[in-house]
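Peer 1: Here it is: the structure, laid out below.
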Amino acid sequence: MGYTLAQKIIKNHLVSGEMVPGTEIGLKIDQTLTQDATGTMAYLQFEAMGIERVKTELSVAYIDHNTLQNGFENADDHRFIQSVAQKRGIRFSRPGNGICHQVHLERFGVPGKTLLGSDSHTPTGGGIGMLAMGAGGLDVAVAMGGGAYYLPMPKIVKVNLTGRLSNWVAAKDIILEVLRILSVKGGVGKVIEYTGPGVATLSVPERATITNMGAELGATTSIFPSDETTHAFLKAQNREADFVELYADADAVYDEELAIDLSELVPLAAMPHMPDNVKTVEEIGEIAIDQVCIGSCTNSSLMDMLKVAAVLKGKTVAPNVSLSIAPGSKQVLNMLASNGALADMIDAGARILESACGPCIGMGQSPNSKGVSLRTFNRNFEGRSGTADAGIYLVSPETAAASAVNGKLTDPRTLGEMPQIQMPDSFFINDNMILLPDAPQDAVKREVLYGPNIKSVPTGKPLEDSVTGKALLKVGDNITTDHIMPAGAKILPYRSNVPYLSQFCFAVCDKTFAKRSKKEGGGIIVGGANYGQGSSREHAALVPLYLGVRAVIAKSFARMHKANLINSGILPLTFINEDDYDKISRDDVLELRDIKKSVTNNTDAVLVDVTTAETFRLHTGFSERETAILLAGGKLNYTAQNKA
């Protein structure tokens, strides 16, 4: 029996465990990336480990999230990251060089390699055949130090692509169709592997759009084969030597299969407030819009931008619409400027933003109150745009550009003949905004620069025999890390200051949460299914830890958030009988009786609702390594103990 492509890469990087779905495996990590919203904490954790130099083949620190500098905080974080990068052997991508996933795809991604990033959209690298995964900053820090990355061995889902996309139908429509079929929790514990004759019809940027938004499925990662299309892309980036041909074996066996005929797809849109709330643009109708935002790590490639420029050429943005465009990298922006496409965008009335995440992470361009915003981004969670009552729709660049001109949601197929955009034979190569680290002999003299907003990392305490506390909060299904720890221009600058950041924890759900948690001295959170979906941000675990949260009891967890809770020393426990969720109310006093013994022996935990006198059983199911981390009170404590 042959191997799938993902299984081949896993097999070549396996350092512990067996490739049995659901069991824990450890993987050697070749490359890492960080971005500044999560990177400051990751590098604080790396510094706490006391390791002199990174041990990966390549590690890159990107500045792309916190680029609005209203005060000193973001600039101080950037300076701190740059100083750590130069001292510890990490390349540093300066502000303005571009979005981490776009730049990494262009300049550093290598087929067949493993990539771990402190950002949930790291699977973008799957567009060139990498096994690229998002994780919390502490897991990335450990990988930089040479440690393995541990995760449950995923199931492999085959998505067989046939046919060819029709005119005006885009790669974004492919992944929206997959989301429509599988849902935001349909990829949990799985790798989505794209195969079939339709793959050859898709460029690398189109493949990267699809693997990027695989994060919205909850998938471990998504991956395409490395073929002649990959070869041509790497050659155009002057990186032909990095090419390796990689395919699944013809007799590979998959756990699940899905078939999509590309020729049957039509323009789609994800409606508020979930990426899987998908309908056809025609079905939604010509609704009035207020804003269009084009860019993000999903749709900011040169190919995307050239399509947008072609639609806008000779036209003017509708008077009721604000159009912003953020090219994904300096390379893309340079090429747009040199070939005249940038002028076409500006002539049409587009507002050109810097090559950064910008409005996708809530850093500016918030829509008007109750506004409708079409975005080429990957997430449309409620409030993520910075406007609580805005309606955010996720669409392709073609749909976005057509709608910006018409002033209403527009099916781009109504525009007539589609402009033909070809991938360039060569890209502009200028890596002058990527700083190389100091040589080891010079790094000794390099000082790590801390600003006054950078506070120490909170650490947990060893697990007690029993844990008692109030149910501080009860939330429903599909709670995202944006619910737990919001992003946005007002909050992101404090990602390196957990005490200050804590006042915003769960503010989207309950503005009293932080104050009550402090008053009660911490407690327990009760959640529904797919708790913690979305971003890899470990602040969604670190901040509850700081507020004294000792356990989260849910119907099920998203992979990355569960790992982050364990790393922080917070117990993630699941109901054996999901109906028990309905029997617990906020403010009930809960006791996890003999929880240390249950975790140690990997047996069911006993939860007593002291208020109602009811007893429930909870699933533990931790690996030996996870058990040791929880007993120690978190991964930093565990790492320190094992170093000693």
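Peer 1: If a residue must be among the polar types (S, T, N, Q) and closer than 18 Å to D119 by Cα, how many such residues does the range 162-215 contain? Walk me through it before giving the result.
Peer 2: Within the range 162-215, the first condition is being among the polar types (S, T, N, Q), and the residues that meet it are 162, 166-167, 183, 195, 201, 203, 209, 211-212.
Cutting the leftovers down to closer than 18 Å to D119 by Cα gives us 209, 211-212.
The qualifying residues number 3.
Peer 1: Looking only at the range 27-47, how many residues end up being in contact with a helix residue (DSSP H, G or I) (Cβ under 6 Å, 6 or more places away or on another chain) and more than 13 Å from A85 (Cβ to Cβ)?
Peer 2: Counting residues in the range 27-47 that are in contact with a helix residue (DSSP H, G or I) (Cβ under 6 Å, 6 or more places away or on another chain) and more than 13 Å from A85 (Cβ to Cβ) gives 7.
Peer 1: Follow-up. Here is a check on your reading of the model: is D579 of a type outside the set (F, W, Y), surrounded by fewer than 21 Cβ atoms within 10 Å (Cβ to Cβ) and under 14 Å from G523 (Cα atoms)? Lay out the reasoning, then the answer.
Peer 2: Details: of a type outside the set (F, W, Y): yes; surrounded by fewer than 21 Cβ atoms within 10 Å (Cβ to Cβ): yes; under 14 Å from G523 (Cα atoms): no.
It is false that D579 is of a type outside the set (F, W, Y), surrounded by fewer than 21 Cβ atoms within 10 Å (Cβ to Cβ) and under 14 Å from G523 (Cα atoms).
Peer 1: Moving on. When both residues are 6+ apart or on different chains and their Cβ atoms are under 6 Å apart, which pairs have a first residue that lies in the range 313-341 and is closer than 20 Å to M363 by Cα, and a second that is buried (at least 22 other Cβ atoms within 10 Å of the Cβ) and charged (D, E, K, R)?
Peer 2: none
Peer 1: Restricting to the range 473-504, count the residues that are of a type in the set (G, A, S), under 13 Å from R537 (Cβ atoms) and without any contact (Cβ under 8 Å) to a residue 60 or more places away in the chain.
Peer 2: So the count comes out to 0.
Residues checked against (1) in the same structural domain as Q45 (by TED's automatic domain parsing); (2) among the hydrophobic types (A, V, I, L, M, F, W, C); (3) in contact (Cβ under 8 Å) with a residue 24 or more places away in the chain; (4) not in a loop (DSSP other than H, G, I, E, B):
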residue: F506; (1), (2), (3), (4): no, yes, yes, no
residue: K515; (1), (2), (3), (4): no, no, no, yes
residue: K518; (1), (2), (3), (4): no, no, yes, yes
residue: S535; (1), (2), (3), (4): no, no, yes, no
residue: V543; (1), (2), (3), (4): no, yes, yes, yes
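Peer 1: I've got another one for you. Write out, first by first residue and then by second, each pair whose Cβ atoms fall under 9 Å of each other, whose residues are 6+ apart or on separate chains, and whose first residue, in the range 351-365, is among the polar types (S, T, N, Q) while the second is surrounded by fewer than 22 Cβ atoms within 10 Å (Cβ to Cβ) and not in a strand (DSSP E or B).
Peer 2: Close Cβ pairs satisfying both conditions: S355/G96; Q365/L353; Q365/G386.
Peer 1: Restrict the check to the range 30-49 and report whether at least one residue is in a loop (DSSP other than H, G, I, E, B) and not charged (D, E, K, R). Outline the logic, then answer.
Peer 2: Keep residues of the range 30-49 that are in a loop (DSSP other than H, G, I, E, B), which gives 30.
Imposing the further condition that a residue be not charged (D, E, K, R) reduces the set to none.
Checked against the condition, which is being in a loop (DSSP other than H, G, I, E, B) and not charged (D, E, K, R), the range 30-49 yields no hits at all.
Peer 1: Please enumerate the residues belonging to the range 62-117 that are among the hydrophobic types (A, V, I, L, M, F, W, C), modelled with pLDDT of 95 or more and assigned to a helix (DSSP H, G or I).
Peer 2: The first filter runs over the range 62-117 and keeps only residues among the hydrophobic types (A, V, I, L, M, F, W, C), leaving 63, 68, 72, 75, 80-81, 84-85, 90, 92, 99-100, 103, 105, 108, 110, 115-116.
Now restrict to residues that are modelled with pLDDT of 95 or more: 63, 80-81, 84-85, 90, 92, 99-100, 103, 105, 108, 110, 115-116.
Listed by number, the residues that qualify are F80, I81, V84, A85, C100, V103, L105.
Peer 1: Can you list the strands (runs of 3 or more DSSP E) lying wholly within the range 211-277 that have 3 or more residues being outside the structural domain of G112 (by TED's automatic domain parsing)? Explain how you work it out, then say what you get.
Peer 2: Numbers: elements: 221-223, 256-261, 268-270.
Qualifying strands (runs of 3 or more DSSP E): 268-270.
Peer 1: Taking the range 550-569 on its own, how many of its residues are buried (at least 24 other Cβ atoms within 10 Å of the Cβ) and assigned to a loop (DSSP other than H, G, I, E, B)?
Peer 2: The number of residues fulfilling the criteria is 2.
Peer 1: Here is a further query. Which of (1) acidic (D, E); (2) in contact with a Ser or Thr (Cβ under 9 Å, 6 or more places away or on another chain); (3) part of a loop (DSSP other than H, G, I, E, B) does D482 not meet, given it meets every other one?
Peer 2: (3)
Peer 1: Can you list residue pairs whose Cβ atoms sit under 8 Å apart, with the first residue in the range 597-621 being under 18 Å from F557 (Cα atoms) and in a helix (DSSP H, G or I) and the second being small (G, A, S) and at pLDDT 95 or above? Count only pairs 6 or more apart in sequence or on different chains.
Peer 2: Matching pairs, first to second residue: V599/A605.
Peer 1: A514 passes all but one of (1) surrounded by fewer than 23 Cβ atoms within 10 Å (Cβ to Cβ); (2) farther than 26 Å from T387 by Cβ; (3) among the aliphatic types (A, V, I, L, M); which number fails?
Peer 2: A514 satisfies all of (1) surrounded by fewer than 23 Cβ atoms within 10 Å (Cβ to Cβ); (2) farther than 26 Å from T387 by Cβ; (3) among the aliphatic types (A, V, I, L, M) except (2).
Peer 1: Determine which member of the set K87, K11, K55 is without any contact (Cβ under 8 Å) to a residue 12 or more places away in the chain, surrounded by fewer than 24 Cβ atoms within 10 Å (Cβ to Cβ) and on the phi < 0 side of the Ramachandran plot.
Peer 2: Values: K87 fails: without any contact (Cβ under 8 Å) to a residue 12 or more places away in the chain; K55 fails: without any contact (Cβ under 8 Å) to a residue 12 or more places away in the chain.
Selected residue: K11, the only one of K87, K11, K55 that is without any contact (Cβ under 8 Å) to a residue 12 or more places away in the chain, surrounded by fewer than 24 Cβ atoms within 10 Å (Cβ to Cβ) and on the phi < 0 side of the Ramachandran plot.
Peer 1: Of the residues T23, T32, only one is of a type in the set (S, T, N, Q), assigned by TED's automatic domain parsing to the domain that holds K113 and surrounded by 23 or more Cβ atoms within 10 Å (Cβ to Cβ); which? First the steps, then the outcome.
Peer 2: Working: T23 fails: surrounded by 23 or more Cβ atoms within 10 Å (Cβ to Cβ).
Of T23, T32, the one residue that is of a type in the set (S, T, N, Q), assigned by TED's automatic domain parsing to the domain that holds K113 and surrounded by 23 or more Cβ atoms within 10 Å (Cβ to Cβ) is T32.
Peer 1: Next up: Name the single residue, out of those in the range 30-56 being hydrophobic (A, V, I, L, M, F, W, C) and over 18 Å from the mean Cα position of the chain (by Cα), that is nearest to V103 (Cα to Cα).
Peer 2: Here is the first cut: in the range 30-56, the ones hydrophobic (A, V, I, L, M, F, W, C) are 33, 37, 41-42, 44, 46, 48-49, 51, 54.
From the residues that got through so far, the ones that are over 18 Å from the mean Cα position of the chain (by Cα) too are 44, 46, 48-49, 51, 54.
On the way: L44: 24, F46: 23, A48: 28, M49: 28, I51: 27, V54: 21 Å.
Ranking the qualifying residues of the range 30-56, first place goes to V54.
Peer 1: While we're looking at this one, here's another question. Among what's in the range 430-441 and is surrounded by fewer than 13 Cβ atoms within 10 Å (Cβ to Cβ) and hydrophobic (A, V, I, L, M, F, W, C), pick the residue that is modelled with the highest pLDDT. Let's see the steps before the verdict.
Peer 2: Initially, the range 430-441 is screened for residues surrounded by fewer than 13 Cβ atoms within 10 Å (Cβ to Cβ), giving 430, 432, 436, 439-441.
Cutting the leftovers down to hydrophobic (A, V, I, L, M, F, W, C) gives us 436, 439.
Numbers: L436: 97, A439: 94.
Looking at the filtered set, the residue picked out is L436.
Peer 1: Something else: Across the range 122-134, which residue is farthest from the chain's Cα centre (by Cα) among those that are outside any helix (DSSP H, G or I) and more than 15 Å from A61 (Cα to Cα)? Step through it out loud before you land on a result.
Peer 2: First, pick out the residues of the range 122-134 that are outside any helix (DSSP H, G or I): 129-134.
If we keep only those that are more than 15 Å from A61 (Cα to Cα) as well, we get 129-133.
On the way: G129: 18, M130: 16, L131: 14, A132: 11, M133: 9 Å.
Restricting to residues being outside any helix (DSSP H, G or I) and more than 15 Å from A61 (Cα to Cα), the top hit is G129.
The values are calculated or read from the model by the stated rules, or taken from the named source; none is laboratory data. Nothing here was measured: the structure is a model prediction, and the numbers come from that model. Here the Cβ is made from the backbone with ideal geometry for all residues, glycine too, and neighbour counts use every protein chain on show.
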